[in-house]
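Student: Quick one: the structure is below, questions incoming.
The values are calculated or read from the model by the stated rules, or taken from the named source; none is laboratory data. Quick caveat, the model's predicted, so the values are computed rather than measured. Cβ placement follows ideal geometry from the backbone for every residue including glycine, while neighbour counts extend to all protein chains displayed. Only protein heavy atoms, including side chains, enter the accessible area calculation; ligands, DNA and RNA are left aside. Shrake-Rupley method; radii C 1.70, N 1.55, O 1.52, S 1.80 Å.
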Amino acid sequence: MTTQPTPPQPTPPTEPTPPTRPTGVTPPSQAAQAYLSELFSLEGRVAVVTGGSSGIGRAITDALARAGASVVVVARGEAGLAATVEELTALGCRAARVSADLSTREGVRTAAERAVEAFGEPDILVNSAGINLRPPMDELGEDVWDATMAVNLEAPFLLGQRFGPGMAERGYGRIIHISSQQAHRAFVQSGAYGASKGGLEALARSQAEAWSPRGVTCNLLVPGFVMTPLNARLSSDPDKVAALAARTMIGRNGLAEDFAGAAVFLASAASAYVTGQSVFVDGGLSVH
């Protein structure tokens, strides 16, 4: 009996050796993270956000804090302030609060001095606090006019005067105001509110002219219709809410969180060449 020779077994395929990365070259994901951090990180920056415990102001507060800034939230309601700071602290962010009345000059000045106690002088100022009183023009009294101008225009002016020169002296600053469609067109009884926001846009351009050569940019975010407490009157009318959504190109009304990315951009190094601008975050409402 003869034995048949064993046929040769095929050599199993070898896995290709992955190319070695040259020494000192960062993996792509880390390189991307480093690049984005260089552009948008707010680590080491201090921000003051008025009206930062509700609505658009709250969304901006969250965004700046999560991007690395130490944030001081300024608002009237103690409960909202406490909740905001507690939630941010739970996320590992640095946040402090100041309860203040921004309707008087003394209240604004007190708020400014208390704000710097937590983390020092701010690099970023966001003026989001506002009131929205809309009586018919025939019934618009001096009391409503004065109250509106005090919170919507004079407080941003006073805070700018307090913090802007220091930012310019240090060579870096970001001032962001929250404006309104009523600064550009009159509708739904703009009244004193529209006038205050028109003045705010002019103020931002004056601030930009004065301080941008020394590293301080001053810009505005212009919302469309956003479902926030400030718009409670319109929000309660489903027909008007639907009609406003239909006027946008995206097909919906705004959400407070829609402002997070724009706020981080305007607060960061990435926006160094953007100043004196009204940046519309409105789903295309203003151009539709």
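Student: For the chain, modelled as a Gaussian network with Cα springs under 10 Å, which listed residue fluctuates most, L125, L88, L266?
Tutor: Among L125, L88, L266, the largest GNM mean-square fluctuation belongs to L88.
Student: Same structure, new question: Rank by packing, highest mean first: peptides 158-165, 134-141, with packing defined as the count of other Cβ atoms within 10 Å averaged across residues.
Tutor: In descending order of packing, they fall as 158-165, 134-141.
Student: At 0.36 nm per residue, minus the direct Cα-Cα distance, what do A32 and R252 gain on full extension? Give it in nm, one decimal, please.
Tutor: Stretched out fully, the A32 to R252 stretch lengthens by 76.0 nm.
Student: Could you calculate the contour length gain from A243 to D101, that is, 0.36 nm times the residue separation minus the distance between their Cα atoms, to one decimal place in nm?
Tutor: Full-extension gain reported as 47.6 nm.
Student: Sticking with this structure for a sec: Rounded, prolate or oblate: which fits segment 186-288, taking a ≥ b ≥ c as square roots of the Cα gyration tensor eigenvalues, rounded meaning a/c under 1.5, else prolate when a/b beats b/c?
Tutor: It is prolate, given that a/c is not under 1.5 and a/b is the larger ratio.
Student: Further question: Can you send over the carbon and sulfur percentage of the accessible area for segment 136-288, probe radius 1.4 Å, protein chains only?
Tutor: Roughly 57 percent, rounded to a whole number.
Student: With a probe of 1.4 Å, find how much accessible area the chain has per residue, and write the answer as a whole number in Å².
Tutor: 52 Å²
Student: Hey, what's the per residue convex hull volume over the C-alpha atoms of segment 80-225, in cubic angstrom?
Tutor: 123 Å³
Student: Still on this structure, I have one more. Sorted by average packing, counted as other Cβ atoms within 10 angstrom per residue and highest first, what order do 243-256, 40-53 take?
Tutor: Descending mean neighbour count gives 40-53, 243-256.
Student: Is it possible to state the helix-based mean residue ellipticity at 222 nm for the chain, with each DSSP H run of 4+ residues giving -39500 (n - 2.57), the sum divided by total residues, to the nearest 500 deg cm²/dmol? What is it?
Tutor: Mean residue ellipticity, 222 nm, calculated: -13000 deg cm²/dmol.
Student: Working out 0.36 nm times the residue gap between R185 and H288, then minus their Cα-Cα distance, what length gain in nm do you get to one decimal?
Tutor: Between R185 and H288, full extension yields 35.7 nm more.
Student: Ok, one more. Given that just one value was derived from the coordinates, which of (i) 19.4, 73; (ii) 18.0, 53; (iii) 25.6, 120 is Rg and Dmax of the Cα atoms in Å?
Tutor: Matching entry in (i) 19.4, 73; (ii) 18.0, 53; (iii) 25.6, 120: (iii).
Student: What shape does segment 59-151 take by its C-alpha gyration tensor, where a ≥ b ≥ c are the square roots of the eigenvalues and a/c under 1.5 counts as rounded, a/b above b/c as prolate, and the rest as oblate?
Tutor: Prolate.
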